[in-house]
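Q: Input: one structure, supplied below.
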């Protein structure tokens, strides 16, 4: 450290003295050699394959998952190829309407049997006949209740294709004497072609053998209507 009252020479001498006491910084030493890297050892021999372990137990079935969301609709597929045109069917035979009616104006007091016949010529065995009666009918009882039936026959037999064509009328005690307009109709199948005699008949109901007081037609016109029609659809 310098003291201000020293002379110039003394100042320099003091500075050099201090340097001598501290010593001069030496030169940097040489960098040492790097440690040599060791040599890689040889690769060991591969061991033998181990024995396959036993199969594990089957785990429990998991619970049913939630239903997934419906996916988006796929694109429309290509249009299919147009099929070939079918063969034209054979022309069917036209059937003109074949019909007839039988009309009468009389009061028939028969309690059983045939009321009226109507002859009809049927053209086709596969067709059906539609028959109908329209007129005034009445059944009368002296006591209690009564029951009578009006029905159609075809060549003397009731219809069996599929069932009978009939109308059942019930009466009340003596004070009741109902003359009423009634209509009975139906279709009968399985009748051969040719002449058919269609009868309108009166008789007792199926569950009784008693013949009650019947009346067909009362100061009015009665009629049987017949028409040949195509077969029923299956």
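Q: Spot the failing condition for residue 219; the list is (1) at negative phi; (2) surrounded by fewer than 19 Cβ atoms within 10 Å (Cβ to Cβ); (3) modelled with pLDDT under 95, and only one is missed.
A: (1)
Q: Still on this structure: Output the residue which, of all residues in the range 116-126 that are within 46 Å of the chain's Cα centre (by Cα) and buried (at least 18 other Cβ atoms within 10 Å of the Cβ), is nearest to residue 191 (Cα to Cα). Spell out the reasoning first.
A: Keep residues of the range 116-126 that are within 46 Å of the chain's Cα centre (by Cα), which gives 120-126.
So of that shortlist, the ones also buried (at least 18 other Cβ atoms within 10 Å of the Cβ) come out as 120, 122.
Details: 120: 12, 122: 8 Å.
Here the answer is 122.
Q: Do the conditions hold for residue 106, that is, is it part of a loop (DSSP other than H, G, I, E, B), at pLDDT 85 or above, out of contact with any helix residue (DSSP H, G or I) (no Cβ under 8 Å at 6 or more places or on another chain) and under 30 Å from residue 213 (Cβ atoms)?
A: It is true that residue 106 is part of a loop (DSSP other than H, G, I, E, B), at pLDDT 85 or above, out of contact with any helix residue (DSSP H, G or I) (no Cβ under 8 Å at 6 or more places or on another chain) and under 30 Å from residue 213 (Cβ atoms).
Q: Among the listed residues 129, 97, identify the single one that is surrounded by fewer than 10 Cβ atoms within 10 Å (Cβ to Cβ), in contact (Cβ under 8 Å) with a residue 40 or more places away in the chain and out of contact with any helix residue (DSSP H, G or I) (no Cβ under 8 Å at 6 or more places or on another chain).
A: That would be 97, the only listed residue that is surrounded by fewer than 10 Cβ atoms within 10 Å (Cβ to Cβ), in contact (Cβ under 8 Å) with a residue 40 or more places away in the chain and out of contact with any helix residue (DSSP H, G or I) (no Cβ under 8 Å at 6 or more places or on another chain).
Q: Something else now. State yes or no: is residue 135 in a strand (DSSP E or B) and farther than 17 Å from residue 104 by Cα? Spell out the reasoning first.
A: Details: in a strand (DSSP E or B): yes; farther than 17 Å from residue 104 by Cα: no.
No.
Q: Something else now. Determine whether the range 133-141 contains at least one residue that is touching a strand residue (DSSP E or B) at 6+ places or on another chain (Cβ under 8 Å) and without any contact (Cβ under 8 Å) to a residue 40 or more places away in the chain.
A: Within the range 133-141, the subset touching a strand residue (DSSP E or B) at 6+ places or on another chain (Cβ under 8 Å) is 133-141.
Now drop any that are not without any contact (Cβ under 8 Å) to a residue 40 or more places away in the chain, which leaves none.
No - not one qualifying residue is present in the range 133-141.
Q: Moving to a separate point now. How many of the residues making up the range 66-103 are at pLDDT 95 or above and more than 30 Å from residue 225 (Cβ to Cβ)?
A: Within the range 66-103, residues that are at pLDDT 95 or above and more than 30 Å from residue 225 (Cβ to Cβ) number 0.
The values are calculated or read from the model by the stated rules, or taken from the named source; none is laboratory data. On a predicted model such as this, the values are computed, not experimentally measured, just so you know. Neighbour counts are summed over all protein chains in view; Cβ atoms, including those assigned to glycine, are modelled from backbone coordinates with ideal geometry.
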